[in-house]
Structures are given as structure tokens and as C-alpha cells.
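These notes are about the structure you will find just below.
None of the figures in this text is laboratory data; all of them are computed from the coordinates on show. Since the structure is predicted, the reported quantities are computational estimates derived from the model, not experimental observations. Glycine gets a Cβ as well: all are built from the backbone with ideal geometry, and neighbour counts include every protein chain shown.
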Amino acid sequence: MVYILNNQINVLKTIISGVELVYNTILYTFGPGGKNVLIKRPNKIIIADDGVSVVNNIVTNDANLNIGVELCKSISNSINNLCGDGTTTSILLFYYFLRNSFELINNGVDSNVLITELKDYLKKMLTLIEQEKVDITVDSLEEILLSTTNNIEIIENVKKAYQLVDTSGYILLKRSNSIDFIKHYKGYNIYINNTFETKELNDIKVIIVNDVISSHFIMSNLNDDRYLIICLGINSSILNYYKDSNITIVSIKESTFDKETIFQDLETLLNISYSNKTINISKNIDILIENDVLILKDLTSQKLIDKLAKQMDQTLSLSKLSKLKERYAKITKGYVVIYVSGTTEEELENKVLIYEDAVKAGYNALKFGVCCGGGYIYYLLSKKVDGTYFYVIKESLRSLIMTLIRNSVSTAENIYQKLSLDTWVDLRTLEVMNISKISIKDSIYTIKEILKTVINNVCLLLNTKMIIFNENINKQTIDDLL
């Protein structure tokens with residue numbers, strides 16, 4: 001059955017009703033005074049304070065409301081994937097911009113004129129934000145991480161990770177059964193088959209075999225020197241035969257990228273050339289075997305580094321980019337594993353989400369710079385941008401700021417009236433202060449992505465004249481439209 005709604009006012013009303021449902025649900029999680037939300041699933045309870053987790057758990061069987069709900073999910077997930085922060089802000093702004101734009105259209109303003117005005121505002125605001133940009137160092141990274149969490153342990157661990165690898169490294173999260181801790185690795189990790197030993201292998205000759213070892217032939221002509229043989233696989237009986245000898249054999253285990261890729265990288269890094277899968281011995285390198293992990297340390301090859309950097313600049317695939325970053329990290333700054341613990345499964349899952357947000361926010365801040373945070377940048381924009389329909393921008397940004405203050409104090413209006421371009425409210429003490437004393441910083445990248453995503457999607461909806469209700473329309477369809 002197909003149902004078509006083709007009146008623009010009713011179309012916008014329908015969309016806004018679903019967005020308002022999401023808005024009312026996440027409203028009180030916003031800002032430093034925000035509260036947690038308990039989410040009850042059939043066999044699980046989640047306690048969350050981040051917008052994307054709350055939004056993704058909103059389910060409604062009302063076809064009208066569901067349109068706005070799914071739009072909010074797409075926007076918040078997009079912001080979360082890009083920035084790791086600002087998901088609640090994006091939904092609040094999305095609602096305010098839609099509501100205020102609808103009010104003008106309902107009063108006779110041409111939607112096309114409003115769309116043009118909003119897009120012009122967006123360009124101006126992006127330029128103004130860039131003018132407020134300041135660089136941030138790893139040592140002051142807590143200023144930006146405070147916008148994602150108040151957990152000092154998480155802030156310190158993420159900060160320490162970036163001190164070790166900066167933005168050229170790679171940070172991984174793994175679950176731990178004990179306490180939160182971090183470990184730094186550099187070089188390629190290759191797993192030893194069926195062995196669990198700890199020993200150092202310095203001054204050892206390395207043989208690299210681009211094949212699976214299935215016979216003793218390869219080792220038949222070796223002398224009494226210490227050898228490390230790296231291969232793509234090995235018969236277990238052969239492995240056990242040489243276990244207590246001067247020959248240590250390891251095979252490349254499947255990882256996020258294939259064995260052949262790892263092998264080719266090792267060939268370049270160890271300066272080994274081979275033809276027809278014959279054996280070649282490399283120079284001595286620094287090698288450590290720790291438990292079941294073999295670590296080739298201090299491996300550098302400018303040729304390989306330049307090649308990977310070029311590939312990262314050219315790739316458009318997010319999954320491929322992630323793999324390239326991991327390979328690049330192994331041979332440059334290395335990578336850090338943050339082991340995350342929790343007393344309950346719910347606490348663990350929540351901490352992992354917070355860590356993910358903090359890692360993304362930290363990267364974007366170090367890479368693209370920051371500006372004064374805590375909501376001040378939105379206040380600045382509301383005062384500096386003007387135009388024919390300034391009302392939409394002004395009221396939307398003002399509503400965001402009022403919500404931020406109102407979540408901490410009931411006299412939000414009085415505090416708002418005291419603000420100026422040189423002052424801001426400290427949302428922890430609720431005192432008006434000079435902007436130079438703002439300790440929280442927001443990522444320039446995050447602010448820009450929020451405004452671009454929100455305003456561009458609002459403009460798309462303002463130009464929508466019809467909704468077709470069809471049982472075959474699903475979330476993926478809506479995501480594709482966005």
C-alpha cells in the first residue's frame with residue numbers, strides 16, 4: 001500500500017514531529033549538567049550519556065514519527081563517525097533550524113529564498129570559525145578531551161597515547177579483565193606458531209620465505225648461526241622439530257590486511273630481494289619475542305613510508321584508509337593499544353564508547369586545530385552573522401546556548417543577557433568570565449562538520465514537497481538520500 005503526502009507544510013510538520021521526539025529524549029543529556037539515560041533492551045541494560053547511543057535506541061512504530069527519528073539517527077551517526085563528538089549538539093541544532101525555518105515558511109516565506117540564505121550563512125560561518133582557529137599541543141590535549149568526558153583516567157590514557165604516537169600513529173582499543181593500561185608497539189608483530197616463549201633475538205640472521213614451509217629442505221644448508229625464518233605458514237611437525245634449536249620459525253598470521261601485503265612490506269623494510277621464492281638472508285636487526293608475539297623493532301624505509309603516505313592521500317575508501325594508517329603507523333611512530341576494563345559489561349561497553357570518542361576528538365584537534373569551547377563559538381557566530389532572515393540562525397544558536405545553560409541552572413535567561421563577545425559563562429561555576437579563561441576547547445573540525453551536516457540536511461528537507469509512504473522504504477533508503 002502506498003500513501004502520498006504532498007502538501008509542503010504537512011510534509012515539514014510530519015518530519016519535525018519525529019525530530020522533536022528525538023530532541024525531547026536527548027535534551028537533558030546535553031552539556032556538563034546533562035544526565036544519564038538508562039536504556040532497557042530485551043536482555044540488556046545500557047546506561048549512556050552520549051547522544052548517538054541514545055538516538056540509536058529510539059524505536060517507534062508510528063510511520064510519521066519514524067521519518068524524523070531515522071533522519072536524526074543518520075545525522076548523529078555521521079557526526080559520530082567523523083568526529084567522535086558533537087552528536088547531541090547536531091540533533092539539537094537540527095531541530096532548532098528545522099523548527100525556526102518552518103515557522104518562516106508557515107508565515108509565507110519562500111523556501112527557496114530561505115535555502116539560499118542558509119547556504120550563504122554556512123559559508124560565512126565556516127570562514128569565521130577558521131579565523132578563531134588556534135593550534136593545540138599534545139601536552140594541552142585535556143582541554144579538548146574535557147568536551148567528551150569528565151573521566152580523568154580516560155583523558156590521561158588518551159593523552160599519553162598521543163604523546164607516544166602523535167597523529168601519525170595508530171591507537172587501538174581492546175577489552176581488559178583487570179585495569180585500564182596502555183602498551184606501545186613499534187614495528188611488525190608476527191605471531192609464532194604453537195610457541196609461548198620470551199626471548200630476545202639480537203644479532204640474528206633473518207631468512208624470509210614467501211611460501212608455506214612443508215619440508216626440511218630450506219634448513220638443510222644452514223650453519224650453526226642463529227636464524228629467524230619468517231614464512232607464510234609451516235607444517236607443525238617441522239616447527240616442533242626445530243623448537244629447541246638455533247632456528248626460530250614464525251609465520252605471518254592473517255590480520256587486518258593479507259599475508260602477502262605484510263610479506264611485501266617486510267621485504268622492503270629488511271632490504272631483501274628474492275626471485276622464484278628462493279631464500280635470502282638479511283642484515284642483522286633488533287628483534288624481540290615477547291610471549292607469543294614477535295616484534296621487529298626500529299624498522300624504517302623512507303621508500304615504503306612515502307608510498308603509504310601517497311596512497312593514504314589518494315584513497316577514498318574509509319576501510320582501505322584504516323588499513324593503510326595501520327601499516328604506516330607500524331613503521332613510523334608505532335601504535336598504542338589501550339586496554340579498557342569495567343566492573344560490569346555495561347560499564348565496559350560505555351567506557352569503550354567514551355574512549356572511541358576521545359580518540360577521534362583528540363586526533364581532529366591535533367590535526368585541524370581548536371577554538372574556544374563550551375558553546376562559546378556558537379554564541380560568537382550568532383553575534384557576527386547577519387542577513388535578511390537572520391532570525392533562523394540567531395534563534396537556533398541562541399536556543400542551543402540557552403539549553404546548555406538551562407541544563408545547569410534555572411535562571412538561564414538572566415545569565416544569557418550578561419554575555420558579550422568578550423565574555424562567556426563557566427558552566428561549572430555558572431559565573432560570567434573573560435573568554436581568555438575558557439579552559440575547554442572545541443575541535444574546529446567538529447564544529448565545521450556539525451554545521452555543514454545540519455544546515456545541508458535542513459536545506460534538503462526545506463526543498464522537500466512530498467513524502468511517499470511505502471512499506472518498502474527503510475532506513476537504508478533514508479541514509480542513501482542523506
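Going Cα to Cα from LYS253, which aspartates and glutamates come in below 20 Å? Please leave out same-chain ones fewer than 8 positions away.
Candidates past the 8-residue exclusion: GLU197, ASP211, ASP265, GLU267, GLU290, ASP292, GLU326.
Excluding same-chain residues fewer than 8 positions from LYS44, which aspartates and glutamates have a Cα within less than 14 Å of its Cα?
Candidates past the 8-residue exclusion: GLU345, GLU346, GLU347, GLU349.
Give me, ordered by chain and number, the residues 5 or more places off ILE213 or on other chains with an amide H under 5 Å from its own placed amide H.
So ILE213 has HN proximity to LEU232, GLY233, ILE234, ASN235.
Given R₀ = 56 Å, FRET efficiency for ASN202-ASN24 by Cβ-Cβ distance, to 0.05? Can you show the working numbers first?
Values: r = 64 Å, r/R0 = 1.14.
Step by step, r from the Cβ atoms, then E = 0.30.
Pulled fully out, how much extra length does the chain show between LYS307 and ASN112, if you take 0.36 nm times their separation in residues and subtract their Cα-Cα distance?
Residue separation times 0.36 nm, minus the Cα-Cα distance, leaves 65.5 nm.
Can you pull the one-decimal nm distance between simple spin-label points at ASN81 and LEU316, each 7 Å off the Cα toward Cβ?
It is 1.5 nm.
Tell me the label-point distance for the pair LEU173, SER17, using the 7 Å Cα-to-Cβ offset, in nm and rounded to one decimal.
3.7 nm
Pairs LYS35/LYS452; LYS13/LYS452; LYS124/LYS325; LYS73/LYS351; LYS133/LYS383: which exceed 25 Å Cα-Cα?
Exceeds cut-off: LYS35/LYS452; LYS124/LYS325.
Got a sec? How would CYS459, CYS72 order by Cβ neighbour count within 10 Å, fewest to most?
The order, fewest Cβ neighbours first, is CYS459, CYS72.
Just grab the label-to-label distance for ILE45 and HIS184, each label 7 Å out from Cα along the Cβ direction, in nm (one decimal).
Output for this residue pair reads 4.1 nm.
If each residue's Cβ is checked for other Cβ atoms within 10 Å, how do ILE377, ILE252 rank with the fewest at the top?
So the residues, fewest neighbours to most, are ILE252, ILE377.
Test of understanding: what is the full-extension gain from SER237 to LEU430, defined as 0.36 nm times their sequence separation minus their Cα-Cα distance? List each step's numbers first, then the result.
Working: separation 193, 0.36 × 193 = 69.48 nm, distance 7.09 nm.
Here the answer is 62.4 nm.
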